[in-house]
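Working notes, beginning with the structure itself.
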Amino acid sequence: MEKILIVGCKKAMDDVCIGCSRCLVGFNRRKGEFERYTGQDAEVMGLLNCGDCPGPAIVTRLAQIKLWNAPMDEKPTKIHIGPCIVDHCPYKDTLIKKIKAKAGIEVIEGTHPFKPDNIFG
Ligand code: SF4
């Protein structure tokens with residue numbers, strides 16, 4: 001069973017991409033970077049924000065995820081980085097590098113594919 005932790009931008013998760021619904025719909029429908037789990041047993045076990053600019057707390061927050069979930073014997077097997085970081089974060093290179101260096105599990109850049117090309121077209 002794959003257990004997926006999605007990591008996103010704090011500002012986007014709080015104020016822009018309300019409810020992280022596109023990531024969740026993308027996962028439920030196995031679209032975008034979640035297509036790899038088609039036909040597989042997989043769950044989203046958490047949605048973690050980066051901790052705010054410029055992301056200094058990300059490693060601590062990953063450790064907190066481990067701590068909070070230890071009593072339930074839950075831990076992620078895959079981390080997906082949201083497009084709010086991959087496509088928009090000015091600190092993404094450092095942030096993603098830190099996550100990859102410390103996670104100890106596969107880190108995949110991307111989640112849902114629901115990014116409209118234009119607003120009024
Ligand atoms: S560091 Fe990047 S991902 Fe985190 S809040 Fe700032 S812009 Fe968003």
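Could you list log10 I(q)/I(0) for the chain at q = 0.10 Å⁻¹, which the Debye formula gives when each Cα is one point scatterer?
-0.29
First select every other residue whose beta carbon is under 15 angstrom from the beta carbon of THR60; then total the charges, Lys and Arg +1, Asp and Glu -1.
That works out to +4.
Please give the contour-minus-distance gain from ASP73 to TYR37: 0.36 nm per residue of separation, less the Cα-Cα distance, rounded to one decimal in nm.
That works out to 10.8 nm of additional length.
Just add up the charged neighbours of MET45: K/R +1, D/E -1, any other residue whose Cβ is under 15 Å from the Cβ of MET45.
-1
Each reported figure results from applying straightforward, stated rules to the coordinates on display, with no laboratory input. What you see is a predicted model; the values in this text were computed from it and never measured. Please note: Cβ atoms are built from the backbone with ideal geometry, for glycine as well, and neighbour counts cover all protein chains shown.
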